[in-house]
1. Would you calculate a helix-derived [θ] at 222 nm for chain A, using -39,500 (n - 2.57) for each DSSP H run of n ≥ 4 and dividing by the full residue count, to the nearest 500?
2. How big is the equivalent ellipsoid of the range A:21-119 along its three axes, where each semi-axis is √(5λ) from the Cα gyration tensor, reported in whole Å from largest to smallest?
3. Using only Cα atoms, tell me the angle between helix A:173-183 and the longest principal axis of chain A; keep it within 0 to 90° and round to the nearest 10.
4. Which of the listed residues, A:201, A:128, A:143, is farthest toward the dipole's positive end in chain A, when Lys, Arg count +1 and Asp, Glu count -1 at the beta-carbon?
5. Just to be sure I understand: with springs between alpha-carbon atoms less than 10 Å apart, which residue in A:203, A:41, A:213 has the highest mean-square fluctuation in the Gaussian network model of chain A?
6. Check residue A:121: other-chain or 5+ apart residues with amide H under 5 Å from its amide H, H built from backbone geometry?
7. Set Lys and Arg Cβ to +1 and Asp and Glu Cβ to -1, take the dipole of the protein assembly as shown about its Cα centre, and tell me which of A:85, B:209, A:154 lies farthest positive.
8. Cα-based Rg (one decimal) and Dmax (whole number) for the protein assembly as shown, in Å?
Amino acid sequence: MRGTVAALVRKDLRLELRAFESVPAMLMFSVSTFVLFRFGLDRSSLEGDLAAGVLWVTLLLAAVLGMNRLFVAEREQGGFDGFLMAPVDRTALFVSKALVLLGFLLVVELAAVPAFVLLLLQPGAGQALPELLAVLALADVGIAVVGTLIGALGVQTRARDLIIPLMALPLLVPVAIAAAEATAPLFAAGGAEAFPARWLVVLALYDGVFGLLAYAVFDFLLEE
Amino acid sequence: MTFGRGLRALSIASVVLICGAFALVFFWAPNDADQGFVQKIFYVHVPMGIVALCGFVAGGIYGIRHLRTGDRAHDLRSYVAIHISLVLAVGVLLTGSIWARAAWGQWWVWDEPTLVSFLIVFLLYACYQPLRFSIEDPERQARYASVFAIVAGAFVPLNFMAVRMADSLVHPRVLGTTGGAMPGDMRLTFLVALAGMACLFVTLWKYELASKSASIQLRSLKRRLAGEDDLAPLQRSTAPQQL
């Protein structure tokens, strides 16, 4: 199982490094969205819950782009058939795709969050890096798990690009709520305020529930 | 397959319970001290909401049974449960809006967790039919729809919890541990209305199941009589067309 997952992750990373399909698109989308928010809200700097909301809405929408692309090569170039013929555990595909999506999200955030701080965050707001990293990590796990499941569900439909965002966004509303509520005090104007740790519990619970659920049902999406 | 068994008794029971509930609502239950007559929409709105959510979860449970057994009849049951719950959910949003306008002065109130969670659940389930419609292979359609029904069914309670934590307490917690300060006659009326709505749901569910399975059987009989060639090909559809 571990070897299979490693091989599949290596394959996806190699594809991404050769074609640069998902990560640059997600990153450019994030920066464009920041610019849109700058003019849509007509504010040159943000703080508090408004800043948290803008950051999380942007990251979630960028993640949807990644979900849309996640299984396209598998479907269009026979990756599913090849995988099903191989004598390996089918859950390995789920684990590897979730890890790949998680990796994409982390790389995108590595650039998008500094860009957000530079472009939009009010100077002086937000000096609580460890807490922010914890929120980002927990939220990313949830997005990766749900995104992999929905990506696999949607990729076999005719209206792939429409169905995946429609299904993923309502499912990700709890992540948006918890992540934005947890991030808002970190971006408060006069330096970080007290951090509401209960939202981390909600995020962890969400990750756990959907992780187990996706683990249980993913095999049924692969049968031929 | 006989989905129609017991339909007559169920239909009579729903008519009696719903007529009884309305009689109690209009002639027996007292007017609310604050809101007056308009509060009576509560006896339609809340039972409808509870039954719709239970229907969504039931769709998920039939989804699990479909995946475990491979019996397509369970997919049909899951589909019909979610289908009727969606119709009820539209009713819940409409009656809730009317009630909010009368009681709080606005058509929509965002700081109200129950309303917001219900809207999110509704938006999610609104994708169920498009998902089915965009998968052509009937076997795959059934399998994928069951996966969606299971995930969405588990999402319902989790979503309610998350939204409720981002909290306020405008909405009365009718059956909660602390709320529910309903006088006895209101409570009885509410319970009769809830039973009536549940009965109506089961009746409609069985009617649609009976009708769908009858047309599936009719088609297979036609095929046996006339042969595959004379039969019009199946149109794309959201509903299961084979068992």
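FYI, it's all coordinate maths here, none of it is from the lab. Everything numeric here is computed off the predicted structure, so don't read it as measured data. For neighbour counting, all protein chains shown are included, and Cβ atoms are generated from backbone atoms with ideal geometry for every residue, glycine included.
1. One gets -25500 deg cm²/dmol as the mean residue ellipticity at 222 nm.
2. Details: eigenvalues 242, 30, 18 Å².
Ellipsoid half-lengths, sorted descending, are 35, 12, 9 Å.
3. Taking the Cα atoms of chain A, the angle to A:173-183 is about 40 degrees.
4. Comparing the listed Cα positions along the dipole, A:143 ranks first.
5. Between A:203, A:41, A:213, it is A:41 that shows the largest mean-square fluctuation.
6. Answer set, sorted by chain and number: A:46.
7. Checking the options against the dipole of the protein assembly as shown, the answer is B:209.
8. 24.9, 80
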